[in-house]
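Undergrad: First, the structure itself, so that you have it in front of you.
Computed from the coordinates by the stated procedures, all read-outs in this text should not be read as laboratory data. The model shown is predicted, which means the values in this text are computed figures rather than measured ones. So basically every Cβ, Gly included, is an ideal-geometry build from the backbone, and we count neighbours across all protein chains shown.
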């Protein structure tokens, strides 16, 4: 009788445990935004420095979607990654365009003939 009650409790509790902790694979990755600190094209890795100053090393594959140009240090990026085999694997990288230079609100003074 005890075994039957214990088995019933386990069967009822199992779906609740699975529903509480979703798999990261089902979440479409983890979002990260920051500035590219370094890029290693040979090893397909990059280091991104977040707003808090924390640096995260990521890898990319041929399946990684890169939008906005070629990766280079100093660029602002927003990306998504998955944790696989102890590594952060980038699934998509969006490179933000560089900020446009400010235009002067007042025109430059024009030279006048002096006296």
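Undergrad: Where does each of 85-93, 47-55 land if you order them by average Cβ count within 10 Å, highest first? Walk me through the intermediate numbers first.
TA: On the way: 85-93: 15.9, 47-55: 12.6.
Top to bottom by mean Cβ count within 10 Å: 85-93, 47-55.
Undergrad: Mind giving me the nanometre distance, one decimal, between the label points for residue 73 and residue 45, set 7 Å out from Cα along Cα→Cβ?
TA: The modelled label-to-label distance comes out at 1.5 nm.
Undergrad: Rank the residues 43, 94 as a footprinting-exposure proxy: fewest other Cβ atoms within 10 Å of their Cβ go first. Walk me through the numbers on the way to the answer.
TA: Values: 43 8, 94 14.
Sorted ascending by nearby Cβ count, the order is 43, 94.
Undergrad: For segment 24-95, calculate the relative contact order in percent as a whole number, restricting contacts to Cα pairs under 8 Å that are 6 or more residues apart.
TA: Numbers: 154 pairs, mean separation 24.9, N = 72.
Across segment 24-95, relative contact order equals 35 percent.
Undergrad: Expressed in nm to one decimal, what extension gain is obtained for the pair residue 30 and residue 85 from 0.36 nm per residue of sequence separation less their Cα-Cα distance?
TA: Details: separation 55, 0.36 × 55 = 19.80 nm, distance 1.54 nm.
Extra length from residue 30 to residue 85 when fully extended: 18.3 nm.
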